[in-house]
Amino acid sequence: MFGIYVHIPFCKRKCLYCDFPSFSNIFHLENDYVSALIYEIGTYDRICADTVYFGGGTPSSLSEDSILRVLDEIYKKFDIAGNAEITIEVNPGTATFEKLKKLKASGFNRISIGAQSFLDEELKRLGRIHNASEIYETVNWARLAGFGNISLDLMFGLPGQKADDFLYSLCEGIKLDVNHISAYSLILEEGTPFYEMDLDLPDEEDERRMYHLMAQRLKEAGFIHYEISNFAKEGFMSRHNMKYWLMEDYIGLGLGAHSFFGKTRYYNTLLLPEYLKHEGLKNVGEKLSDEDFKKERIWLGLRLIDGVSYFGEFPEITNKLINQGLVEIKEGNIKLTDKALDIANRVFMEYV
Amino acid sequence: MSLDKIRNFCIIAHIDHGKSTLADRLLEKTGVISEREKEDQLLDNMDLERERGITIKARAVRLVYRANDGEEYILNLIDTPGHVDFNYEVSRSLAACEGAILVVDASQGIEAQTLANTYLAIDNNLEIVPVINKIDLPNAQPEMVKAEIEDVIGIPASDAPLISAKMGINIEEVLEAVVKKIPSPRGDVNAPTKALIFDSYYDSYRGVIVYVRMMDGSIKVGDKIRFMANQKEFEVVEVGYLKPLGLSPSGELVAGEVGYIAASIKSVQDVRVGDTITNEKNPASEPLPGYKKVNPMVFCGIYPADGAKYDDLRDALEKLRLNDASLSFEPETSVALGFGFRCGFLGLLHMEIIQERLEREFNLDLVTTAPSVVYRIKKTNGDVVFVDNPTNLPPATEIEYMEEPVVDATILTPSEYVGAIMELCQERRGTYIDMKFIDKTRAQIHYVLPLNEIIYDFFDALKSRTKGYASFDYEMKGYEKSSLVKLDILLNGEVVDALSFIVHTSKAQSRGRRIAEKLKEAIPRQLFEIPIQAAIGNRIIARETVKALRKDVLAKCYGGDITRKKKLLEKQKEGKKRMRQVGTVEVPQEAFMSVLKLD
């Protein structure tokens, strides 16, 4: 079964840390973009999929109509499983009750809310367009609209952030009784304003303390830590994202989107004018050899806290890592040890 | 060609005073290069030479000049290396000449190097022809510089040509001075052959091309020649002159001439600068004076960054040695660095040049250890051993005393820096000998300095403390007893052999501390905490700690990221691969280098 990702490169305003392909001044191209997406859908064979994910950018910044045109086309062109997980990312600054109701009615059953923080001061510093009270509102509306699967995104390791600041946001998130929380430590990406700025970032010690306190709190609140940065209540793991970590097939539609099937990675152009002209689609990125595939399966799978099934691949590397206390074999899976969570790259790099 | 129409001469100058530019002008004026096959500075062939503005190897060229007296003269210009490392080569090039043009920058005056080489020339009985260059510069003071030449060197300079090599002004005067002032060579064509070797290079078709100055007798194609130092014999295949744009066979070379010999010689090791070539049929009874075997002064370990490149490194060193008889190397093994070579050099510059050529011309990534001088160790059992690698130092209990090489150092400086220089020399354990004021503004300071104090960064320190105005020159003096210890560096409790070095007792503490600090910066955090210690024997004299790695994890990795994240991981892995596994610790190459630069 495939997963289907739809990239929406539209934003009201670009956040200061964001390096995703998205633009803040192209709403006049909304129709053209939707048409291009529909064109691209038409280039694919009929496939079976059980997850659909609208990400961005800010998918919720498009009109309901645009979103539905794309989703309808996906239903028309592909076989979508009856129990499919259909997610849309929503920015609290772009949500209305009406909009969420329409989204729910048209088939979306999971909503991923980009909260990031519950402190207005921090939200402002990140360049977010919303404030804390709009997060509470959005979660409420989502629930009232009938979404039974709500996820929150949080960030930590922010400029000027103290451990207590983050714990406050985390507790607010927990109190909202959502089903899923993703929490990412801030990464300064080249080419973003944050990268150029002189930021007062927490040091590594503090940042790791936040991470471990978070994991602890979420566990106490009944969440399962299932991926390095992801936590879910029983039964609410992101089925779509799991496909990435388990090397399952997926197609990516839209500007700069990536696909993976037949052991090959494809990517679309990052140039909007090209994409709108239906050009630069499905370029071959890399064809994985059997060896590459085996390695990737392990290091991507190791992002999962329970790890990934292990059949004795690369015994030399694995044994070395076991001796260093960085991985362990448990119930047929290879997984990171607790201490390796903080330095997972040291493990991954052995398998690239 | 009669001898009195030949002039053999060289040019002496400080770096940047315009030696190569003047040489180019002479070539131009004598018409041998038409308005230039214009690559600047024809004599400096190596890229490195051109970049650094120095001459590394000697070269020679034969010019034909029609002088104002209407006669045609053969001018053999022998270019000399300008650096102290190549002092011996300089002296042999000088011995091949009857005169020297002394080029002095009209705005800078005499420098230490000029002085040293001029004295060398005077020792070789050369006629010195002073020339004042760069008279086009606004701050040129030709009259003052003339006076300086007369005062400091003690040769008349009142009629020295005032020229600008760059602008091509008064070049003719230089040529006339060469013809008029420099004596023609003497020599007896019928005497037993004596030819002085002043340079050589390896040519893949003809074997070694030997540059010679014929002192007596003759050499022609078919002759059996003998190298007097090693008694090796060869049959001459080709002889000729050194024309500006290549070798020009002549069939015979006779006394007084300068030229080349090819005799199917396979290795430059057989062709030692300063050696005498004679004819097997009528051999000379005595070689020319002045030959000595040059010994390397400075040693360091050179290792391939990638252990698999060991063979490439050996091939590269062998190729360089084809043209550089003074480069020595032999295999050595380091626990920390694996397989590499212990290499010997004439001096620091020579070492840097070889390292740079290995990296540039052979595309090798190198790790080098700190340079070491050669220590003389008197053991308690009476043996005397020489040690050029700290790792080979006998245990302290077996050492009665140690001696280190010292040099006679001459520094010329504007007088306002005298204090700073004396402070520097004092810090470097120098012994003050004397100081003279050359004129009101400039002083000549004389110190005896331990060689191991100047092989690290003395030049840099001197430059920075005198804003680049002081110049420095030295020659070997001999060995002196000294209180020396071996300083070891321990990572995670294990001695890293490649980081050990020998240091004066008074410097051990501070050097140890600086190295520990440097290593702390250079070694990235790892899975565990790493103590860095500096120790003399069992005594720890400095300690730093590299904290354990706390965080190295990609927070996010979704579909679109995977390729990019994988590349990041590959890059990280690549960086890790370039590190050396020293016991349990991974040490980046830069760490080995960083201890070389402590200021």
Which listed residue, of B:Asp473, B:Asp434, B:Asp488, B:Asp439, is in contact with a strand residue (DSSP E or B) (Cβ under 6 Å, 6 or more places away or on another chain), farther than 30 Å from B:Leu393 by Cα and of a type in the set (Asp, Glu): B:Asp434
Exclusive hit being within 11 Å of chain B (Cβ to nearest Cβ), of a type outside the set (A, V, I, L, M) and more than 29 Å from A:Gly307 (Cα to Cα), set A:Asn268, A:Asn230: A:Asn268
Of all residues making up the stretch A:207-224, the number that are within 14 Å of chain B (Cβ to nearest Cβ) and surrounded by fewer than 21 Cβ atoms within 10 Å (Cβ to Cβ): 4
Filtered residues of the stretch A:286-341 (kept if surrounded by 14 or more Cβ atoms within 10 Å (Cβ to Cβ), under 25 Å from A:His225 (Cα atoms) and at the interface with chain B (Cβ under 10 Å from one of its Cβ atoms)): A:Lys295, A:Glu296, A:Trp299, A:Leu300, A:Arg303, A:Gln324, A:Leu326, A:Leu336, A:Ala340, A:Leu341
Residues that are surrounded by fewer than 18 Cβ atoms within 10 Å (Cβ to Cβ) and either closer than 19 Å to A:Tyr266 by Cα or among the hydrophobic types (A, V, I, L, M, F, W, C) (or both), drawn from the stretch A:40-67: A:Gly42, A:Thr43, A:Tyr44, A:Asp45, A:Arg46, A:Ile47, A:Cys48
Candidates A:Tyr211, A:Tyr184, A:Tyr195, A:Tyr226 - the one that is among the hydroxyl-bearing types (Ser, Thr, Tyr) and touching a helix residue (DSSP H, G or I) at 6+ places or on another chain (Cβ under 8 Å): A:Tyr211
In the stretch B:541-561, the residues that are more than 7 Å from chain A (Cβ to nearest Cβ) and assigned to a helix (DSSP H, G or I): B:Asp561
Matching residues in the stretch B:348-378 - criterion: being of a type outside the set (A, V, I, L, M) and modelled with pLDDT of 95 or more: B:Tyr375, B:Arg376, B:Lys378
Test: residue in the stretch B:166-188 that is assigned to a strand (DSSP E or B), touching a Pro at 6+ places or on another chain (Cβ under 9 Å) and either within 18 Å of B:Ser93 (Cα to Cα) or at pLDDT below 95 (or both): no
Filtered residue count, the stretch A:214-251, keeping only those that are within 30 Å of A:Lys287 (Cα to Cα) and not in a loop (DSSP other than H, G, I, E, B): 12
Top-ranked residue in the stretch A:190-213 [being assigned to a helix (DSSP H, G or I) and touching a residue at least 60 places away in the same chain (Cβ under 8 Å); ranked as nearest to A:Met155 (Cα to Cα)]: A:Tyr211
The stretch B:577-597, residues that are within 14 Å of chain A (Cβ to nearest Cβ) and either modelled with pLDDT of 85 or more or buried (at least 19 other Cβ atoms within 10 Å of the Cβ) (or both): B:Thr584, B:Val585, B:Glu586
Selected residue (only one of A:Asp79, A:Asp32, A:Asp65 is without any contact (Cβ under 8 Å) to a residue 24 or more places away in the chain and away from chain B (no Cβ under 14 Å)): A:Asp65
Close pairs from the stretch B:345-370: first within 18 Å of B:Ala498 (Cβ to Cβ), partner modelled with pLDDT under 90 and of a type in the set (Phe, Trp, Tyr), Cβ under 8 Å, at least 6 apart: B:Val367/B:Phe592; B:Thr368/B:Phe592; B:Thr369/B:Phe592; B:Ala370/B:Tyr456; B:Ala370/B:Phe501
B:Glu252 vs. criteria exposed (fewer than 14 other Cβ atoms within 10 Å of the Cβ) and farther than 17 Å from B:Arg92 by Cα: no
The stretch A:140-198: number of residues that are under 21 Å from the mean Cα position of the chain (by Cα), at positive phi and surrounded by fewer than 21 Cβ atoms within 10 Å (Cβ to Cβ): 2
Pick from the stretch A:252-276, criterion assigned to a loop (DSSP other than H, G, I, E, B) and among the small types (Gly, Ala, Ser), ranking: surrounded by the fewest Cβ atoms within 10 Å (Cβ to Cβ): A:Gly262
Matching option when the condition is more than 14 Å from chain B (Cβ to nearest Cβ), touching a residue at least 60 places away in the same chain (Cβ under 8 Å) and over 22 Å from A:Glu350 (Cβ atoms), among A:Phe261, A:Phe236: A:Phe236
Residue in the stretch A:101-113 that is in a loop (DSSP other than H, G, I, E, B), aromatic (Phe, Trp, Tyr), buried (at least 23 other Cβ atoms within 10 Å of the Cβ) and in contact with a strand residue (DSSP E or B) (Cβ under 6 Å, 6 or more places away or on another chain) present: yes
Condition check for A:Gly252: at the interface with chain B (Cβ under 8 Å from one of its Cβ atoms), touching a residue at least 24 places away in the same chain (Cβ under 8 Å), over 19 Å from A:Ile86 (Cβ atoms) and touching a helix residue (DSSP H, G or I) at 6+ places or on another chain (Cβ under 8 Å): no
Residue that is modelled with the highest pLDDT, among those in the stretch B:417-460 that are hydrophobic (A, V, I, L, M, F, W, C) and part of a loop (DSSP other than H, G, I, E, B): B:Ile455
Subset of the stretch A:12-54 that is of a type in the set (Gly, Ala, Ser) and assigned to a helix (DSSP H, G or I) - its residue that is nearest to A:Lys243 (Cα to Cα): A:Gly42
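The values are calculated or read from the model by the stated rules, or taken from the named source; none is laboratory data. The structure displayed is predicted, hence computed values, not measured ones. Every residue, glycine as well, gets a Cβ built from its backbone with ideal geometry; the counts of neighbours run over all protein chains shown.
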